[in-house]
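Structure first, commentary second.
The values are calculated or read from the model by the stated rules, or taken from the named source; none is laboratory data. Here the structure is a predicted model, which means the values were calculated and not measured. No Cβ is skipped: glycine too gets one built from the backbone with ideal geometry, and neighbour counts run over all protein chains shown.
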Amino acid sequence: MIKKWYKKLEIQRSYFLWLFLFYSVFAHASLTENFNRLQQAYPQTFLKVTEQELVWSDGTRMPVLQGSPNKTEREKLENPNLFDQIYEVHYLSGLPAALSNFNPLEDPGRIRYEPFFKKMYGDSQAVVEAKLMPIFWLPKLFGFRYPLLVTTVNDVHKKLTQISTELETLCTQHPEYLPFLENPGGTYNWRIIANTQRLSPHSFGMAIDINPSLANYWQWDLEKAGLPISEETELTYHNNIPWAIVLIFEKYGFIWGGKWRHYDTMHFEYRPELLS
């Protein structure tokens, strides 16, 4: 009887050992895959990417994990590390499967580790501004009415110019889309995000807001409804931006704030690592 019990215990131990090994290998592969996206998206920027650190092309080493790995979503947002920014962040490009009742439940790309962006685009207002270049927004349709300052890092200025050209073609075919692209909210603006202490991605010249008057922003909608402007307040998703506009931005490596639970439908930012 004891021998049978011991044999059964050994089988169980072997099972759990194999399960543990399988999980460890899978988790390691998943972690590696997540961080490989950075090197794929910015091939000239990093010498090496591992689960422990990023090694930038100038030799700078940036640790991946600092502090507790068991954070709440609010803690990740307010005090992120690089691990929080990239690991298991799933931004789904293209049209959603349930287009008519689209209602995002996550905020992919909204968690940003500020030292990463300061290292890539500039660690001060003066450094960022030295890397900006003006472009004209839809000049064939708007002339020189809308000059925009955009970073030259990662050729974001070229990508946004290409987006502008494709949007001109789109609006020639669909003039009803043009109002969404008039009076853009802007690109570069060194500032913090409203009601936070976090730098806006606009501070780095790698984001653009299209026409704010035709967009929806979760904080504005809560204010209109007389509800607390808080991450924890329940939201009702709203969007008026045509999906054809969104798809053109995504084609060039920009994510859209309209795919966030805390929606910002005017907002696009260059984050190709989340699309690759």
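Things worth noting here:
- Qualifying residues in the stretch 190-206 (those that are crowded, with 16+ Cβ neighbours inside 10 Å and free of Cβ contacts under 8 Å to residues at least 12 places away in the same chain) - the one nearest to Val150 (Cα to Cα): Ser200
- Every condition in (1) in contact (Cβ under 8 Å) with a residue 24 or more places away in the chain; (2) closer than 28 Å to Pro115 by Cα is met by Trp256 except one, and the failing one is (1).
- Taking the criterion of being surrounded by fewer than 16 Cβ atoms within 10 Å (Cβ to Cβ) and assigned to a loop (DSSP other than H, G, I, E, B), the residues of the stretch 107-132 that qualify are Asp123, Ser124, Ala130.
- Scope the stretch 147-176; condition outside any helix (DSSP H, G or I) and surrounded by 19 or more Cβ atoms within 10 Å (Cβ to Cβ); matching residues: Leu148, Val150, Thr151
- Every condition in (1) out of contact with any strand residue (DSSP E or B) (no Cβ under 7 Å at 6 or more places or on another chain); (2) of a type outside the set (Asp, Glu); (3) assigned to a helix (DSSP H, G or I); (4) more than 26 Å from Asp209 (Cβ to Cβ) holds for Leu65 except the one numbered (3).
- Tallying residues that are in contact with a Phe, Trp or Tyr (Cβ under 7 Å, 6 or more places away or on another chain), under 12 Å from Phe116 (Cα atoms) and of a type in the set (Ser, Thr, Tyr) within the stretch 42-65 yields 1.
To keep it simple, each residue is scored yes or no on (1) touching a Phe, Trp or Tyr at 6+ places or on another chain (Cβ under 7 Å); (2) among the hydroxyl-bearing types (Ser, Thr, Tyr); (3) farther than 30 Å from Thr45 by Cβ.
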{"site": "Pro134", "(1), (2), (3)": "no, no, no"}
{"site": "Phe144", "(1), (2), (3)": "yes, no, yes"}
{"site": "Leu149", "(1), (2), (3)": "yes, no, no"}
{"site": "Val153", "(1), (2), (3)": "yes, no, no"}
{"site": "Gln162", "(1), (2), (3)": "yes, no, no"}
{"site": "Thr172", "(1), (2), (3)": "no, yes, yes"}
{"site": "Glu176", "(1), (2), (3)": "no, no, yes"}
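- When the criteria are applied in full, Ser230 meets the requirement of being surrounded by fewer than 20 Cβ atoms within 10 Å (Cβ to Cβ), modelled with pLDDT under 95 and farther than 24 Å from Ala41 by Cα.
- Filter pass, Leu77 being touching a residue at least 24 places away in the same chain (Cβ under 8 Å), closer than 30 Å to Ile248 by Cβ and part of a loop (DSSP other than H, G, I, E, B): no
- Residues of the stretch 35-44 satisfying the condition of being assigned to a loop (DSSP other than H, G, I, E, B) and in contact with a Leu (Cβ under 8 Å, 6 or more places away or on another chain): none
- Of the residues screened, Val89 is not one that is under 19 Å from Met206 (Cα atoms), touching a residue at least 40 places away in the same chain (Cβ under 8 Å), surrounded by 14 or more Cβ atoms within 10 Å (Cβ to Cβ) and within 20 Å of the chain's Cα centre (by Cα).
- Condition met for Pro179 (part of a helix (DSSP H, G or I), modelled with pLDDT of 95 or more and under 17 Å from Thr265 (Cβ atoms)): yes
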